[in-house]
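Peer 1: Let me give you the structure first, and then I'll get to my questions.
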C-alpha cells in the first residue's frame, strides 16, 4: 500500500518531522488494513513491529496470570501506538510483545519494523533516547527503592505497636513477680509463727485444705457489683475486728476476692481454735494474694504468647508463601499487631461472616494490604472515630471491607488514589505507594479487586478475592 507522507504528518507522533524523515519512515514501514475484531499484534509473539493507528479504533489488551484479561479503554485517536514500544532499548528491550492490540472497528495501521524503529529513534533523537532510557530505568529503580521504603515504614509501624503491646504485659509480670517475692517471704514467716505457737498437725492440715479452697476460688466466683463487693468487705472487716485480728480492714479485700465471708471465718475459728485464729487468717490472706499474683503472671505471659503468635501469623514466617488460609486469622493478627498504634479515641468494630471459607492466597502479602488500609483509615480519622472491619462472600469471591468515619476522599482525587506516588500527606509523611502496592497485591497476585467508595464520615475500601486457586502461580509482586 502506497504511503502518503502528508497522512503520516497528521499523526501527532510525526507532526514535526521533516519531509526527508517522513519519506524515510514511509519507505521503512507499511500500511495495513484490519477488519473489526482482527488481532493486530498478539501478546507473547516476537516483538517485531511498532504499530501506529492511522484511522479506525483499537484496544490494548493484556493477559495476566491471576487477574485474567485486562482491557484498556478503546481509542480512535490517530497516532496512538503499541507493540514494540521499547525497541530503542536494544538488547534490554522485551523480546516478546507485552500486550495485544485488537481492531474494534475497521482500522488502518502504520507498521514499522522494531529494528528500524530503534535505529530511527537512536539516529534522529539521541538525546530523547537517553532521556527515555534514563526515565524508564530510573523510574523503575526509584519505584523499587520507595517500594522497599514503604514496606520498611509499614514494618516500623507494626514493630512500634508490637513493642508497646509487649511492654504492658511484661511490665505487669515484673511487678507481679516482685510482689510475689514479698508475699512468699511473709507467708513463710506466718507459717513459721503458727508452728512456733504450737498449732496441732491436724489443725494445720485443715487450715491448708481451706487455703486450697480459697486459692481455687480466686477468679472463679460469680460476678458481683462494686456495691456488693464493698458490702462484703465491710461485713468481713467487722467480723475480723470482733475476732481480734490485727489489720482487719487490710486483710478483708483479699479474702473477699476469694469468696471468704463471715461463715468461712467461723469455720477457721472452729478448726484452728481461738489462740491460732489471728495468725491463721493472716496466712490465708497471704496465700490468696499469692494466688492472685500468680494469676497476673499467668495472664501477662499468656498475653505475650498471644502477641508473639499474632506476630508469627502476621509475618507468616514459618509457612509457605502460597497457602489456603483463614482471612479472619489474618485480619485478627494484623489488628493485634496494630493495637498499640490505635488511639484511645478510636473504636474497632469487627463484623465477620464466619461462613466465609478459607481462601488460597499469599497470606503475608495480604497482611500488608490490611496494614496499609488500616493505617490509612487511622490517619484519616485523626485520633477519633470508628474503624470497622467486616467480611462476607458471594458465590465465588471473598469480600473484605475496611471502613472509617473520617472526612472521606474528595471527589477531585477519587480517581487518582491508586496511582503510584500520589499522596495527600505532607512531604515526608507518605510515599504514595501504599494503595498502589495493595492494588498490585490484590489484583496482580490474587486476581482480585480493590476499590473505594467514600462520602464524608463513611469511607470504605473493598477487597474481593477469588475463593478458587488460580491455575497458574503468579510471578512475584513488584
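What follows draws every value from the coordinates through simple rules; no lab data is involved. The structure displayed is predicted, hence computed values, not measured ones. FYI the Cβ positions are ideal-geometry reconstructions off the backbone, even for glycines, and counts take in every protein chain you see.
Peer 1: Starting from the 7 Å offset along Cα-to-Cβ, what nm value, one decimal, do you get for the label separation of residue 185 and residue 414?
Peer 2: My value for the distance between the label points is 6.8 nm.
Peer 1: Then there's this: What FRET efficiency comes out for residue 39 versus residue 163 if R0 is 45 angstrom and r is the Cβ-Cβ distance? Round to the nearest 0.05.
Peer 2: Values: r = 56 Å, r/R0 = 1.25.
The value I calculate is 0.20.
Peer 1: Can you tell me the length gained on complete extension of the stretch residue 123 to residue 19, counting 0.36 nm per residue apart and subtracting the Cα distance?
Peer 2: Net length gain for the segment: 35.8 nm.
Peer 1: Please say if the stretch 5-124 is rounded, prolate or oblate, where rounded means a/c under 1.5 for a ≥ b ≥ c the square roots of the C-alpha gyration tensor eigenvalues, and otherwise the choice is prolate for a/b larger than b/c and oblate otherwise?
Peer 2: Since a/c reaches 1.5 but b/c is at least a/b, the shape of the stretch 5-124 is classed as oblate.
Peer 1: Another question, if that's okay. If I model a spin label as a point 7 Å beyond the Cα along the Cα-Cβ vector, how far apart are those points for residue 131 and residue 395 in nm?
Peer 2: 5.2
Peer 1: Separate question: Given the peptides 15-22, 2-9, arrange them by the average over their residues of other C-beta atoms within 10 Å, most packed first.
Peer 2: Descending mean neighbour count gives 2-9, 15-22.
Peer 1: Taking 56 Å as R0, compute the FRET efficiency from the Cβ-Cβ separation of residue 234 and residue 382 and round it to 0.05.
Peer 2: 0.75
Peer 1: So, one more: How far apart, in nm, are two points set 7 Å out from the Cα along the Cα-to-Cβ line at residue 12 and at residue 31?
Peer 2: Computed distance between label sites residue 12 and residue 31 equals 2.2 nm.
Peer 1: For residue 299 and residue 225 in one chain, what is 0.36 nm times their gap in residues minus the Cα-Cα distance, to one decimal in nm?
Peer 2: Taking residue 299 through residue 225 to full extension adds about 24.4 nm, to one decimal.
Peer 1: Using 1/(1 + (r/R0)^6) with R0 = 35 angstrom and r between the beta carbons of residue 213 and residue 326, what's the FRET efficiency to the nearest 0.05?
Peer 2: 0.25
Peer 1: Then there is this: Under 15 Å from a point 7 Å along the Cα-to-Cβ line of residue 115: which residues of the stretch 1-31 have their amide N that close?
Peer 2: 28-29
Peer 1: Now a separate question. How much length is gained on full extension from residue 74 to residue 250, taking 0.36 nm per residue of separation minus their Cα-Cα distance?
Peer 2: My answer for the length gained is 55.1 nm.
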